[in-house]
1. In nm, to one decimal, how far is the Ile428 label point from the Glu141 one, both placed 7 Å along Cα→Cβ?
2. Let me know the shape class of segment 53-148, please: from the alpha-carbon gyration tensor, a ≥ b ≥ c as square roots of the eigenvalues, rounded when a/c is under 1.5, otherwise prolate if a/b is greater than b/c, or oblate.
3. As an exercise, use a Förster radius of 56 Å and the Cβ-Cβ distance of Ile191 and Asn280 to find the FRET efficiency, rounded to the nearest 0.05.
4. Counting heavy atoms of the protein chains only and a 1.4 Å probe, report the per residue accessible area for the chain as a whole number of Å².
5. What order, most packed first, do the peptides 408-414, 237-243 have when packing is the mean number of other Cβ atoms within 10 Å of each residue?
6. What's the FRET efficiency of Gln239 with Glu59 using the Cβ-Cβ distance as r and R₀ = 56 Å, to the nearest 0.05?
7. Report the accessible area of Tyr123, computed with a 1.4 Å probe over the heavy atoms of all protein chains in place, in Å² rounded to the nearest 10.
8. Compute, for the chain, the length of the dipole vector about the Cα centre, with Cβ point charges of +1 (Lys, Arg) and -1 (Asp, Glu) only. Units Debye, rounded to 20.
Amino acid sequence: MEERIHHSYDSKPEGKPSRKAAIFRAVWRWHFYAGIFTAPFLIVLAISGGLYLFKPQIEANLYQEHFFIEGGSEGKPALTLAEQTEAASREFGEKASILSVKQYDDPLRTTELSYMENGTMMYGFINPYTGGYQGSLAADETFSSIFKRVHSEWFAGGTFVNLLVELAACWTLILVLTGLYLWWPKKKSQIWGTVLPRLGKKGRVFWRDLHAVPAFWLSIFITILILTGLPWTSVVGEQINKLATAANSYPQYALAFGAKPESVLTTKDVVGDGPWATENMEVPASSGSGNSKTLDEINQVADRSEVQKPYTISLPQGEKGVYTLATSHTKPGDNATLNVDQYSGEVLSDVRFADYGLIAKAITVGIALHEGRLFGLANQILGAITCLGIVLMVFSSFVMWRKRKPKGTFGAPAAMNDAKVKWGVIAILAVLGILMPLVGLSILIIVIIDFMVLSLRKRNEGTY
């Protein structure tokens with residue numbers, strides 16, 4: 001970096017750095033401190049996210065004896081869902097209460113049940129052809145659950161940790177923007193070191209290129225990963241929710257075919273893995289009384305409604321509860337959320353991807369891209385390359401810092417005594433802070449600390 005600073009800009013005759021050099025150093029200083037803060041978060045997010053991308057393949061190997069049928073019994077006619085749940089109930093006994101049933105489009109997959117056992121959410125697996133029990137897994141101890149918590153909560157969870165992760169994600173966007181400014185070639189003839197690395201060089205030049213060139217090529221993908229992850233965050237995510245709600249982008253209540261009975265539940269209260277866009281959609285209540293429709297009859301509703309597998313049927317809870325059919329693990333266009341009256345079997349609401357507003361559609365597609373399931377294996381590989389690139393960038397920046405910093409110093413870029421440049425850069429960052437409130441708050445804190453440190457330094461210098 002220093003090489004770029006000393007040779008990219010001219011100084012004024014009296015030796016004072018030019019305005020361009022001052023801007024460059026000011027941006028570099030913010031880039032440096034943003035990198036110091038985000039580095040540990042980026043390492044954890046990249047590694048956990050990169051592994052989570054391959055959740056289907058990893059879990060298929062980890063839980064092969066649970067996920068896939070034993071004994072080659074797929075040639076037999078499948079048992080009905082009612083028969084499968086009855087077999088599971090005999091296995092679980094009275095200690096468990098079945099909450100949902102999930103079916104896959106793979107004939108070799110077991111039927112997955114979720115149930116509560118002594119206050120713990122469990123997944124049970126039933127051979128759909130024989131009714132044989134193939135074991136259970138604690139929901140919180142599966143690979144996907146563990147790495148999801150690592151990725152978003154750092155295991156600790158809680159509001160403070162969630163806000164820190166969100167803050168790091170937002171600062172990463174600033175890291176990308178400032179990095180692109182520092183990288184931008186000052187001469188049209190500059191190819192090596194800008195778009196192609198100088199691998200034959202040694203020392204700081206080698207590590208600088210190993211940091212800057214991959215960062216340039218992956219900058220758009222890093223930005224997409226951050227932006228598509230923001231809907232899950234506390235502050236920016238809530239702003240996105242408000243914007244989508246104000247734009248009527250989320251389905252309102254549901255596409256009801258009859259009267260709208262009052263409800264106090266939303267989709268996320270009854271479905272653990274439903275579509276993101278319908279999480280906060282109100283769930284209608286069943287009317288009437290008598291015998292509930294069987295799972296087989298509800299399964300027929302799913303077939304008639306052309307709900308694509310894999311889908312989950314959540315069982316009604318209580319006299320007013322409904323059957324909820326939901327799928328979100330296929331392509332975004334196949335998203336579906338249906339609520340069915342448990343007594344009459346009437347479809348009370350049916351919401352598909354086509355019913356989402358523009359913002360909700362964009363977010364849904366973005367989430368699928370973020371999770372590596374929008375366009376199959378290629379999506380997973382592209383995401384993995386981006387995650388590996390982030391790890392490489394963090395490591396190379398650490399090596400650069402160690403090679404550049406003088407002994408006994410922190411090695412941060414020196415501040416420039418150019419008030420216009422300093423406050424100009426802060427003003428630009430403040431605009432980003434308005435869009436990302438946590439960033440705005442952190443910038444305010446940094447400016448106050450910087451002012452206090454500068455005042456203290458001047459006061460100390462005045463005592464001599």
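1. Going by the 7 Å Cα→Cβ label model, 5.2 nm.
2. On the way: a/c = 2.14, a/b = 1.09, b/c = 1.97.
Oblate.
3. On the way: r = 50 Å, r/R0 = 0.90.
Once the sixth-power term is evaluated, E becomes 0.65.
4. Numbers: 24430 Å² over 464 residues.
On a per-residue basis, 53 Å².
5. On the way: 408-414: 10.9, 237-243: 14.0.
Taking the mean over residues of other Cβ atoms within 10 Å, the ranking is 237-243, 408-414.
6. Values: r = 33 Å, r/R0 = 0.60.
Computed FRET efficiency for Gln239 and Glu59: 0.95.
7. Looks like 70 Å² after rounding.
8. Numbers: 44 positive and 41 negative charges, 895 e Å.
My answer is approximately 4300 debye.
The values are calculated or read from the model by the stated rules, or taken from the named source; none is laboratory data. Everything numeric here is computed off the predicted structure, so don't read it as measured data. Cβ sites come from the backbone with ideal geometry, for glycine too, and all protein chains shown count toward neighbours. With ligands, DNA and RNA removed, areas are computed over all heavy atoms of the protein, side chains included. Shrake-Rupley method; radii C 1.70, N 1.55, O 1.52, S 1.80 Å.
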